[in-house]
Amino acid sequence: MKISFQFLLVAALFVCSQRIAFCQNTGTNKPNIVWITIEDTSPHFIGCYGNTSVKTPNIDQLAKEGVRFTNAYSTNTVCAPSRFTILTGVRSSAAGTGNHRTHYNIPAEITGFPHLLKASGYYTTNNVKTDYNLAREKQMIARNWNESSNKADYRGRAAGQPFFSVFNFNESHQSRSMTNPQEWYVQNVLEKIPVSERAKSEEVIVPPFYRDSPEMRAQMVRLYNSLHFMDIKVGELIARLKAEGEWENTIIFFFGDHGQGMPGFKTHASSLGHKVPFIIRIPEKYRHLAPGIPGSTCDGLVNFEDLAPTMLSLTGNKVPGYMKGTVFLGPEKKTPQKYFWGARDNTDEVIDLGRTIIRDSLAYIRIYYPHVPTVQRHKYMDVSDIMQQIRKDQKEGKLNALQSSVVSGQRAAEYLFNIKNDPWETINLAGVPAYKKQLEELHSANRDAILKNRDVMFAPEYVLSQVDLTDTLYQFRQNDGKYPLNKILDAAELVGKGKSDIKTQKKLLTDVNSLVRYWAVIGLHNQDKKALNEKELLAFLQNEKEDFVKIELAALLADHFHTAAATDLLVSYLKNENATLVRQALRGIVNFVPSDKSLTDSVIVLREKSAAKPFKTLNYEINSCIDLILDSAGTEKLAIGKIN
């Protein structure tokens, strides 16, 4: 269809007239904007989203005065990759920044949207979290913010200058709700809340994938109090905005950075890991920009990829071509996307990969490492009372099948949940004949999203780190000769699909592309060991040239056949100078090799080496794996790690 020059001219004039009308109607050139962001919180635990047991009166009032979004999602299920997308408007799966707290390079033209706001006259402040998951973070911070510190706010702007200010609250963070010692929580959270307002054990909601016991209710009480304390802090900021006369001049965005900081939520490929509370309050003078009247809800899909282009459009700035999200507010508002697509990649020492597609009430989850449980051994989580209680209950046989599946056993490769009827995701509909059509649709939608976005996270971290030495992963992924994604994805999609694919997976072990071979090994690891041949796999191991593939073959043999040569090979990699290979081998040991004295001696030597000459990358992750191995052997107890 041909489009006439006259039509394009009229369309351009219409957009310009809308921008002019926008400026005239607001009475100022650009609106002030405040983001109130909170840590590790699912809407399931916010009052205005239906939880009548939790106390969040300030957030609830914000929803009464604004619009509450019911389908808002983080693009990742842990903070650092989520914040990368929030800042840049680029998905971590496209930039190679999906693995938590990696520091890879990105193209120079990807600047961060606050930088563009600064260039258009905004005073930009960030209080206080950055954690953007990229190389040269200090330069990125300086480029985007006039102020970025625990004292940063809009007060430093020039008279009449519009501002964009972020205020981030840690009070609901996982460290408060479960990980820090109980004594710390009592002093820093519980004692800050009036006795009459503290959560009561009999009032809290216990998700069905937790055992409903006095011990678990005590953990949920801690979560509820942390959320209430966070709400108090939100209320203090709102009171300050009102006292300073900015409340009716400022558009307020309120949202969490990903799902709840509790087992089964944060870091997991599911709607529970991705779904966030999201509220926008628009004062009267800007009401024409609002997606609904005060107190209403918006059911359209919104995700973190949409934030940067929406902020730029809302403030009259041009949206760069590399931002692919949908503008959901203002004169250039677009129709919401049909699907939400989200990612779960590595977190600290844990290696995993999952992708999530959500349409309407259905959530589809594709797990690419189903041979490990939902909650793997993870030092940062395992130090907590709640994880120790769950693992103790599991060991003592007190958990039902659903509760036990969180921490043990093999996962399914595909899950399908009706999150309207089953918000805790307890009933997998993937094998139900009545849902076959929907399963096929969402499976195809996930594949399409991976290919459309040229998802580079199907390369394990060793490959990512090697590419980053000479190229950006953002550019690398677009070269089909170097990264044949269709072929790689074909191999990955065979993972967990069944015995009929073994012949194909064995053939793929000889493929010229090492990433295809890697996914063939992961696929075979998810096959019944009775269908595999130890000697045949050992022959493949002896012929394999790539270290990152050999390590996975060794982990497979150690897990399925307890092959001594495979365990020895994993241990031998602990002497390697490459941090990613050391971490990969350690992870195989944590997951698949029982601790013994020779093994613990080897990791103690590695710890001494690491302390004397720290690895340039992954030092924390490597030492966390060592701690987990020593803890399993009963030679050392876990100590609190860094905050996530």
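Please treat every number below as a calculation from the coordinates, not as lab data. Not measured: the values here are computed from a predicted model. Virtual Cβ from ideal backbone geometry, glycine too; neighbours counted across all protein chains shown.
Side notes on the structure shown:
- Karplus-derived 3J(HN,Hα) values for the stretch 130-136, using 6.51 cos²θ - 1.76 cosθ + 1.60 with θ = phi - 60°, are 10, 6, 8, 6, 8, 6, 6 Hz; glycine and proline are entered as x.
- Positive end of the dipole of the chain (Cβ unit charges, origin at the Cα centre): among Leu508, Ile59, Ile110, the Cα lying farthest that way belongs to Ile110.
- Helical segments meeting 18 Å axial Cα length and Kyte-Doolittle 0.5 threshold in the chain (DSSP H): 5-26, 547-561, 579-592
- Stretchable slack from Asn543 to Glu236, in nm (0.36 nm times residue separation minus alpha-carbon distance): 104.2 nm
- Computed over the chain, the Cα gyration tensor eigenvalues convert (square root of 5λ each) into semi-axes of 41, 30, 24 Å, ordered from largest to smallest.
- Listed residue (Pro370, Ser404, Ala449) projecting farthest to the positive dipole end of the stretch 309-454, Cβ model: Ala449
- Directionally averaged shadow of the stretch 535-627, computed from the convex hull of its alpha-carbon atoms, nm²: 5.5 nm²
- Between Ser148, Gln260, Ala611, the Cα set farthest toward the positive side of the dipole of the chain (charges on each charged residue's Cβ, about the Cα centre) is that of Ser148.
- When only alpha carbons are used to place a centre, the stretch 118-150 and the stretch 39-106 end up 19 Å from one another.
- Summarising the amide proton neighbourhood of Tyr123: residues at separation of 5 or more, or on other chains, whose placed amide H is nearer than 5 Å comprise Phe163, Phe164.
- Calculated P(r) tail over 20 Å for the stretch 355-435, as whole % of Cα pairs: 42 percent
- A convex hull fitted to the Cα coordinates of the stretch 31-344 yields 131 cubic angstrom per residue.
- The HN-Hα couplings worked out from phi for the stretch 321-330 by the Karplus form 6.51 cos²θ - 1.76 cosθ + 1.60 (θ = phi - 60°) are x, 6, 7, 9, x, 9, 5, 10, 9, x Hz, whole numbers, x standing for Gly and Pro.
- A simple spin-label model places the labels of Glu246 and Arg391 4.4 nm from each other, with each point 7 Å out along Cα-to-Cβ.
- For Thr347, residues with placed amide H under 5 Å, excluding near neighbours: His100, Asp352
- Here the simple spin-label model places points 7 Å from the Cα toward Cβ, and for Val605 and Glu191 these points are separated by 4.8 nm.
- Rough spin-label spacing in nm, given labels placed 7 Å along Cα→Cβ, for Gln478 and Glu284: 4.9 nm
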